[in-house]
Amino acid sequence: MNLQKTDPKIYNLLKKEIKRQQEGMELIASENYVSRAVLEALGSVFTNKYSEGYPGKRYYGGQAYTDEVESLAIERAKKLFEAEHVNVQPLSGAPANMIVYSAVLQPGDKVLGMDLSHGGHLTHGHPVTLAAKIYNFVRYKTASDGLLDYQELERLALQEKPKLMLAGFSAYTRQIDYKKFCDIAKKVGAITMFDMAHIAGLIAGKVLPNPVPYFDIVTTTTHKTLRGPRGGMILCKQEFAKAIDKACFPGFQGGPHMNNVAAKAVAFKEASMPSFRGYAKQVVKNAKVLEEEMKNYGFKLLFGGTDNHMVLVDVFGSKGLSGKEVEVVLDEIGITVNKNMIPDDSRSPMDPSGVRIGVPAVTTRGMKEKEIKQIAAWINSAIENRKQKQALNKLRREVTQMCKRFPIPI
Ligand SMILES: *Cc1c(COP(=O)(O)O)cnc(C)c1O
C-alpha cells in the first residue's frame with residue numbers, strides 16, 4: 001500500500017515483474033524463487049542498521065540483535081556445510097571471490113582456474129576483470145570426453161607452480177573429483193579454492209558431494225540452487241579465518257547488509273530441512289530428464305550430459321542456430337534461457353554456439369518429470385517452427401497456462 005502511494009511508477013513495475021515471473025518459464029540455471037519467509041527478512045528494518053565489524057566486535061553500538069542474527073547465520077551455515085569457519089558478509093559471489101584472492105595472494109601471484117568457455121566463471125580470471133589485472137591467471141580445460149582433464153591439470157600445475165588452484169564453474173555440468181584435484185594442488189603446495197556458487201543447494205540437499213572438507217577455501221552465492229537472498233559467502237579452514245575476515249572487512253567491503261544476512265540465516269534453516277533434500281533430489285532428476293529428452297530431439301549436449309541441475313546444449317552444432325537465435329525464439333514463447341559459450345567456441349561470446357538450460361527455478365514451482373518432458377517438447381517445437389508466428393503464439397499460450405498452474409512463492 002505504501003509503495004503504491006509513494007511511488008506508483010516503481011509499484012507498477014513491481015506488479016509487472018511479478019506477472020512476468022508468474023507467467024514465464026524460467027530456465028536460467030542461476031535463478032530461483034525465494035520463499036515468502038526469505039522475502040520478509042530481506043524487506044525488514046535490518047536494512048537500517050550499520051554493523052561494520054563482526055559479532056562482538058563492531059564499530060557502532062546498538063548491535064544486540066544484529067550480532068545474534070549474524071551469529072545464527074554463521075552457525076547454520078557451518079552446520080549445513082560442515083565448515084570450520086564461515087563469513088556471511090560478502091555482498092555477492094563476485095566480491096566473495098575477490099575477497100579470497102586478496103586474502104591469500106599478492107599482486108602478480110599465479111592462479112590456476114577453469115577456462116570460461118569450458119564452464120568456468122568470469123571471476124575466475126577472465127581478462128576483462130579487475131582480478132585478472134592484479135593476479136596472473138592460467139587456465140585449464142576439460143578433455144574431449146567432457147570430463148576435467150586431470151593429467152593436463154597436473155602437468156600445468158607442475159609447470160606453472162600456482163599459489164592458488166581454483167575449481168568451480170557456472171556452465172560445467174559434471175561432477176569434479178575433489179580429492180584428485182586437491183591431491184594435485186598438494187603436490188605443488190598450492191592453496192585450494194572451490195567456487196560452489198551454482199551447486200551449493202545440491203550440496204546442502206546432499207545430492208552432490210560436499211567440497212568443504214577437501215578445500216582450504218570455498219566460496220558461494222546464496223541465491224542460486226541454495227534458494228536464499230542475492231548474496232555471497234565464504235567457508236574456510238580455521239587457518240585462513242583471520243585473513244578472510246580481514247580481507248572482507250575492512251579490506252574490501254564496508255558495512256554488511258544485515259537484512260540480507262538475516263535472509264541468509266532463514267535460507268540456511270530452510271536448506272537444512274528434509275523438504276529441501278526432496279527439492280535437491282528433484283532438481284537432479286528433472287535435469288536428467290531434460291538431458292534425455294533433448295538428446296532424443298537430436299540436440300548435442302556438452303560434457304556428455306549432466307550430473308547437476310543444468311545442461312549445456314550445442315544448438316549451433318545440432319540445429320545450425322546460434323545460441324542467441326535460440327534465446328530469442330524461446331523468449332517469444334515465454335521460455336527464458338541464456339546463450340552460452342561451448343568449449344573452445346568458434347563463435348563470439350555475444351553470439352555463441354550454445355544455450356545453458358537449468359531446472360532449479362521450475363523445480364521450486366513444483367514441476368516434475370512430466371512437465372520437464374513438455375518443456376523439452378516446447379523448446380524443440382519452437383526451434384522447428386521459428387518462422388511461423390501462429391505456431392509460436394500457440395506455444396506461448398500453452399507455456400503461460402502451465403506456469404499459472406505452478407504459482408511462484410510471493
Ligand atoms: C554466479 C557465479 C558467481 C558470481 O556471483 P554474483 O552473485 O553474480 O556476483 C561467481 N562464481 C560462480 C561460479 C558463479 O556461478
What pairs come out if I take residues in the range 1-25 that are more than 18 Å from Arg397 (Cα to Cα) and pair them with residues that are in a helix (DSSP H, G or I) and aromatic (Phe, Trp, Tyr) whose C-beta lies under 8 Å away, six or more apart or interchain? Leu3/Tyr11; Gln4/Tyr11
Given (1) under 26 Å from His126 (Cβ atoms); (2) outside any strand (DSSP E or B), index of the condition Lys206 fails: (1)
Count of the range 172-190 residues which are open to solvent by 30 Å² or more (accessible area, probe 1.4 Å), touching a residue at least 40 places away in the same chain (Cβ under 8 Å) and either charged (D, E, K, R) or more than 30 Å from Gly278 (Cα to Cα) (or both): 1
For the range 390-410, enumerate the residues that are modelled with pLDDT of 95 or more and not hydrophobic (A, V, I, L, M, F, W, C). Gln390, Asn393, Lys394, Arg396, Arg397, Glu398, Thr400, Gln401, Lys404, Arg405, Pro407
Just name the residue that is nearest to Ala185 (Cα to Cα) out of those in the range 107-131 that are crowded, with 23+ Cβ neighbours inside 10 Å and of a type outside the set (A, V, I, L, M, F, W, C). Gly113
Which of the residues belonging to the range 39-53 are part of a loop (DSSP other than H, G, I, E, B) and under 26 Å from Lys242 (Cα atoms)? Lys49, Tyr50, Ser51, Glu52
Checked the range 86-106 for anything away from the ligand (no atom under 13 Å from the Cβ) and buried (at least 19 other Cβ atoms within 10 Å of the Cβ); matches are Val86, Asn87, Val88, Gln89, Ser102, Ala103, Val104, Leu105
Could you list, in sequence order, the residues of the range 167-181 that are within 14 Å of the ligand (Cβ to nearest atom) and in a loop (DSSP other than H, G, I, E, B)? Phe169, Ser170, Ala171, Tyr172, Thr173, Ile176
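If only one of Glu70, Glu82 is assigned by TED's automatic domain parsing to the domain that holds Thr173, open to solvent by 10 Å² or more (accessible area, probe 1.4 Å), more than 15 Å from the ligand (Cβ to nearest atom) and not hydrophobic (A, V, I, L, M, F, W, C), which one is it?
None of the others qualify; the one that does is Glu82.
Taking helices (runs of 4 or more DSSP H) that fall entirely within the range 54-151, which contain at least 2 residues that are closer than 29 Å to Asp314 by Cα and not charged (D, E, K, R)?
Helices (runs of 4 or more DSSP H) meeting the threshold: 93-104.
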So Phe169, is it closer than 30 Å to Leu80 by Cα and without any contact (Cβ under 8 Å) to a residue 40 or more places away in the chain: no
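Matching residues to (1) charged (D, E, K, R); (2) touching a Leu at 6+ places or on another chain (Cβ under 7 Å); (3) outside the structural domain of Asn87 (by TED's automatic domain parsing):
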{"position": "Asn2", "(1), (2), (3)": "no, no, yes"}
{"position": "Ser44", "(1), (2), (3)": "no, no, no"}
{"position": "Lys49", "(1), (2), (3)": "yes, no, no"}
{"position": "Tyr54", "(1), (2), (3)": "no, no, no"}
{"position": "Lys57", "(1), (2), (3)": "yes, no, no"}
{"position": "Gln63", "(1), (2), (3)": "no, no, no"}
Among the residues of the range 213-225, is any out of contact with any Cys (no Cβ under 7 Å at 6 or more places or on another chain) and either assigned to a helix (DSSP H, G or I) or free of Cβ contacts under 8 Å to residues at least 12 places away in the same chain (or both)? no
In this structure, does Ser44 turn out to be more than 24 Å from the chain's Cα centre (by Cα), surrounded by 19 or more Cβ atoms within 10 Å (Cβ to Cβ), touching a residue at least 12 places away in the same chain (Cβ under 8 Å) and away from the ligand (no atom under 16 Å from the Cβ)? no
For Glu239, indicate whether it is farther than 28 Å from Gln106 by Cα, among the acidic types (Asp, Glu) and either modelled with pLDDT of 95 or more or not assigned by TED's automatic domain parsing to the domain that holds Tyr65 (or both). no
Take Ala197 and tell me if it is under 25 Å from Ile134 (Cβ atoms), in a loop (DSSP other than H, G, I, E, B) and within 14 Å of the ligand (Cβ to nearest atom). yes
Is there a residue being surrounded by 24 or more Cβ atoms within 10 Å (Cβ to Cβ) and closer than 20 Å to Gly119 by Cα anywhere in the range 205-216? yes
In the range 140-158, which residue that is in contact with a Phe, Trp or Tyr (Cβ under 8 Å, 6 or more places away or on another chain) and among the hydroxyl-bearing types (Ser, Thr, Tyr) is surrounded by the fewest Cβ atoms within 10 Å (Cβ to Cβ)? Tyr150
Flag if Lys300 is in contact with a strand residue (DSSP E or B) (Cβ under 9 Å, 6 or more places away or on another chain), modelled with pLDDT of 95 or more and more than 16 Å from the ligand (Cβ to nearest atom): yes
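The values are calculated or read from the model by the stated rules, or taken from the named source; none is laboratory data. The structure displayed is predicted, hence computed values, not measured ones. No Cβ is skipped: glycine too gets one built from the backbone with ideal geometry, and neighbour counts run over all protein chains shown. Keep in mind that these areas ignore ligands, DNA and RNA; they rest on the heavy atoms of the full protein, side chains included. Shrake-Rupley method; radii C 1.70, N 1.55, O 1.52, S 1.80 Å.
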